[in-house]
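Written below as structure tokens is the structure these notes are about.
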């Protein structure tokens, strides 16, 4: 029985003609997608001949039908000559696309801020900053006619025991000059002797040893003219035995005393 089947199979094979690929009038089957095309990459499909089993493959072009996101700024644009950049991404293929953002044509300056005050004669300094790019700009601040720079106080007249002194200060612009008084000096006076002994009938002289600047002797005074007298120059004359006090009175009303004993 097996021999009969083998002989029958051989007979069938010998009676079917062999067809080569070159001679085949292909009877193609349907295409089968091997790799689907995306928006960013091509795909591939294939089919086979039903007669000779030859394979044919075809590239499927990329669809280029991206599903783009919104543009997102990745580099902020600056001003005048500093461009920026933005990017978007395809949610299907993950591809990205970039484009340039043109710079702003001019700066968006803040208000001027004074960093160094001007005076009536010297310019100060001011500064402003661009709100977008942070660039700084500086310039001279206008003169301030109300901001005077006064010199140090200078004594133009010294005080004395009788009169106040004067100090002045001024601005270089010449428009401002201020004065202030210097208080009078505290008046003091000291005699050459605080006590003295004189024989009756004799003379002596006392003098002012120290006095405050500008002060001068107004008068001399004896507490007892019968014992000792005094002249306007401070000359003493002993008249009789006893004691008396000689007082010098200055124009400032400062006083000093000398005790005189007449023997």
Item to check | Degrees between helix 2-14 axis and first principal axis of the chain (Cα, 0 to 90, nearest 10) | outcome: 80
Checklist outcome for this item: Once the mean of 1/r over all distinct C-alpha pairs in region 189-262 is inverted, the Kirkwood radius in Å reads 12.1
Next on the checklist: Per residue, how big is the convex hull of region 103-143 when only Cα atoms are used? Give it in Å³.
Outcome noted: 56
Item to check | Structure-based [θ]222 nm, the chain - -39500 (n - 2.57) summed over DSSP H runs of at least 4, per residue, nearest 500 | outcome: -1500 deg cm²/dmol
Next on the checklist: Given 37 °C and 0.692 mPa s, compute D for region 44-104 with the Stokes-Einstein relation, Rh being the Kirkwood radius over Cα pairs; round to the nearest whole µm²/s.
Outcome noted: 218
Checklist entry - Based on the Cα coordinates of the chain, what is the per residue volume of their convex hull in Å³? => result 334
Checklist entry - Which order do 215, 122 fall in if you start with the one that has the fewest other Cβ atoms within 10 Å? => result 122, 215
Item to check | Cα pair distances in region 129-263, grouped into 5 Å bins until the bin that holds the longest one, percent each | outcome: 2, 9, 14, 11, 8, 7, 6, 6, 5, 5, 5, 4, 4, 3, 2, 2, 2, 2, 1, 1, 0, 0
Checklist entry - Taking the mean number of other Cβ atoms within 10 Å as a proxy for protection, how do you rank 249-259, 40-50 from highest to lowest? => result 249-259, 40-50
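Laboratory data are not the source of any read-out in this text; all were calculated from the coordinates shown. Keep in mind that what you see is a predicted model, and the values were worked out from it rather than measured. Quick reminder, even Gly has a Cβ in these numbers, built from the backbone with ideal geometry, and neighbours come from all protein chains shown.
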